[in-house]
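**Student:** Next up is a structure, given as structure tokens.
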Amino acid sequence: INLIITVSRYSSYGRNSLLIAGIPELLVNIAMSTSDSSIAINCCMTLESIFSDVRNIDFDTLIQHVMMMTQLLSLPYDEAKLSILSTFISISYQVPIVSNTLCGSYQIHLMLLNLLYDENLKGQSLNLLRNICISADIDFVKQVIEYGLIISLLDFINSNLSAISIHLISILIERLHKEVFDLLPPNFNESLIEIACVSPFEVKKQIAFLLS
């Protein structure tokens, strides 16, 4: 596994050879079949390394592997799920259209709403939701709003997830202005100003952007 990670990090040619040899499929199969949590977690961490840079991977090949990895989110280990969420965050940032595949074929946008209630996973779930809300088709964005994303974001505003929650609200307002504004409390802007007065710079920046 250490060799695979090293090859993936330092050689795109070597990484592509791993894909051709079917190493990702092998790692997925091992992770899904083993009863040893450390083996499953290491497999997922290795996949994260393999797909940390996907710019030179053929699109069809990438989609095939993305769909194969989605099943790993059913593993009962938070560390494994975090690695797969990080993998999807990286991929959807580099190749935004992948968000539509994740949402359309796997309904990952709705699954992420449930992960927001997991203390260990909610941060990365928000990061992936942010990528999805930026780049996925508008129907998928409407669905996460209909299923309560705004309510969750409002709950997170006074937490350590304040900055990304406010950023996500800004993104949603930009894409679905009326739908989002109808769900915000009447004193929303005033509350943000109060929060800005006692918050670190990153939160202040996001609040300033939202209110501008």
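**Student:** Helix-only mean residue ellipticity at 222 nm, the chain, DSSP H runs n ≥ 4 weighted -39,500 (n - 2.57), per residue, nearest 500. What is it? Before the final figure, lay out the partial values.
**Tutor:** Details: 15 runs with 159 residues, N = 212.
Rounded to the nearest 500, it is -22500 deg cm²/dmol.
**Student:** Pop a pseudo-label 7 angstrom from the Cα along the beta-carbon direction at both Ser191 and Gln94 and give the gap in nm to one decimal.
**Tutor:** Going by the 7 Å Cα→Cβ label model, 3.8 nm.
**Student:** Further question: Give the distance, in whole Å, between the Cα centre of region 151-185 and the Cα centre of region 8-65.
**Tutor:** 34 Å
**Student:** Further, regarding this structure: Can you tell me which of Val66, Val98, Val198 moves the most in a GNM of the chain? Springs connect C-alpha atoms under 10 Å apart.
**Tutor:** For the chain, modelled as a Gaussian network with Cα springs under 10 Å, the answer is Val198.
**Student:** Turning to a different aspect of this structure: Keeping every protein chain present and rolling a 1.4 Å probe, give me the accessible area per residue for the chain in Å².
**Tutor:** Counting only protein heavy atoms, the per-residue value for the chain is 50 Å².
**Student:** Springs between alpha-carbon atoms under 10 Å, Gaussian network over the chain: tell me which of Ser11, Ser165, Ser90 tops the mean-square fluctuations.
**Tutor:** Evaluated over the chain, the most mobile residue of the options is Ser11.
**Student:** Now for a separate question. In a Gaussian network model over the chain where Cα atoms closer than 10 Å are linked, find which of Cys133, Cys44, Cys197 has the largest mean-square fluctuation.
**Tutor:** Largest GNM mean-square fluctuation: Cys197.
**Student:** How large, in percent, is the carbon and sulfur part of the accessible surface of region 1-82 at a probe radius of 1.4 Å? Mind dumping the intermediate values first?
**Tutor:** On the way: 2310 of 4280 Å².
Carbon-and-sulfur percentage of accessible area, whole number: 54.
**Student:** Something else about it: For Ala21 and Phe209, what is the calculated FRET efficiency with R₀ set at 41 Å and r taken between the beta-carbons, to the nearest 0.05? Mind showing how you got there, number by number?
**Tutor:** Details: r = 45 Å, r/R0 = 1.11.
Step by step, r from the Cβ atoms, then E = 0.35.
**Student:** Please report the carbon-and-sulfur percent of the accessible area for region 88-133; probe 1.4 Å, protein heavy atoms only, DNA, RNA and ligands left out.
**Tutor:** It is 51 percent, rounded to a whole number.
**Student:** Around Ser191, under 15 Å between beta carbons, what's the net of Lys plus Arg minus Asp minus Glu among the other residues? Write out the running numbers ahead of the final one.
**Tutor:** Values: positive: Lys204; negative: Asp155, Glu190, Glu194.
Net charge in that neighbourhood comes out at -2.
The values are calculated or read from the model by the stated rules, or taken from the named source; none is laboratory data. Predicted model, so just to flag it, every value in this text is computed and none were measured. Cβ coordinates were reconstructed from backbone atoms using ideal geometry, including for glycine residues, and neighbour counts include every protein chain displayed. Surface accessibility is based on the protein's heavy atoms, side chains included, excluding ligands, DNA and RNA. Shrake-Rupley method; radii C 1.70, N 1.55, O 1.52, S 1.80 Å.
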